[in-house]
Each structure stands twice: as C-alpha cells, then as structure tokens.
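Data first, discussion second: the structure below is written as structure tokens.
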Amino acid sequence: MGMEHVIRFSSGGSPDLRRVMTLLAQHDFPVQVRMVDGELTLPDEAPPERWKEVRLGTSSGMVSLVRRGGEIAVVTWGNADEAMQRAWNAVAWAVAKAGDGQILRPEGPQNPDDFRASVSFPEALRK
C-alpha cells in the first residue's frame with residue numbers, strides 16, 4: 001500500500017520533468033530518473049514527453065510519479081521512514097512548483113509554497 005500526493009494543474013497538462021529535476025538540483029536535492037513506463041533508463045536520460053509512470057531515485061529511496069490526465073500522483077511506500085517521507089514531500093513540491101499546480105490535501109488544495117511550509121522537508125530544502 002502506498003501514500004500519494006496528488007497535484008492538479010490548471011493548464012490540464014503537466015510540467016516537463018527536466019524542470020522538476022532542475023528545481024530540486026538547484027536546492028541541493030538531486031534526483032535521477034531510474035525507470036520510465038516499466039523500462040530501466042540511464043540516470044541522465046530524459047523521459048519521453050508522453051510518459052505514464054516515472055520512478056525517481058532520491059538519496060532516501062524511490063518516488064514514483066504517475067500521470068493521470070491533468071494530475072500527477074507522487075507516490076511512495078506506506079511504510080516509508082521519516083527521511084523517505086521528506087523526500088516524497090520534496091518531489092511533490094517540485095512537481096507542483098514547476099507546473100504551477102496545486103497539491104490536493106484533505107484540508108483543501110495548497111499552492112507549493114503553503115505546502116512547503118506545512119510538511120517536513122529534507123534539510124537542503126529548508127534553507
């Protein structure tokens with residue numbers, strides 16, 4: 001069983017994953033593409049424009065991005081430790097920030113900056 005953050009984009013599209021990865025790298029939290037649509041990839045390989053599922057490697061473990069129409073679900077394991085949950089939050093923030101999206105939370109949609117202030121993040125992103 002997994003946990004997910006769902007990000008909805010007003011444009012109905014989704015951000016280019018290279019923008020997401022660049023944003024995280026600029027905040028000293030690099031990630032690498034490990035798998036696209038069930039196929040292993042090279043870490044520096046850009047995912048195709050029409051990907052359905054991408055797995056990103058973080059320093060704490062794997063985070064999956066699942067495209068669902070005008071939304072992306074950012075998924076991690078339900079038993080993720082605290083470090084993995086912080087990485088999961090960081091990837092969700094970057095996806096929303098790069099695509100001008102809203103993170104759908106139980107208390108209502110949050111913009112990326114409000115989300116960042118309300119959840120735990122890796123040390124590099126707290127600066």
Filter result for Arg34 (surrounded by fewer than 21 Cβ atoms within 10 Å (Cβ to Cβ) and either assigned to a strand (DSSP E or B) or touching a strand residue (DSSP E or B) at 6+ places or on another chain (Cβ under 6 Å) (or both)): yes
Evaluation of Pro106 against (1) crowded, with 20+ Cβ neighbours inside 10 Å; (2) closer than 13 Å to Glu4 by Cα; (3) without any contact (Cβ under 8 Å) to a residue 40 or more places away in the chain (one fails), failing number: (1)
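Only one of Ser64, Ser14 is part of a loop (DSSP other than H, G, I, E, B) and either under 12 Å from the mean Cα position of the chain (by Cα) or of a type in the set (Ser, Thr, Tyr) (or both); which?
Ser14
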Residues of region 62-94 satisfying the condition of being among the small types (Gly, Ala, Ser) and within 18 Å of Leu125 (Cβ to Cβ): Ala80, Ala83, Ala87, Ala90, Ala92, Ala94
Conditions (1) farther than 18 Å from Pro30 by Cα; (2) part of a helix (DSSP H, G or I); number of the one not met by Gln102: (2)
Top-ranked residue of region 105-127 - restricted to ones that are in a helix (DSSP H, G or I) and under 14 Å from the mean Cα position of the chain (by Cα), ranked as modelled with the lowest pLDDT: Leu125
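The values are calculated or read from the model by the stated rules, or taken from the named source; none is laboratory data. All values reported here derive from a predicted model rather than from experimental measurement. No Cβ is skipped: glycine too gets one built from the backbone with ideal geometry, and neighbour counts run over all protein chains shown.
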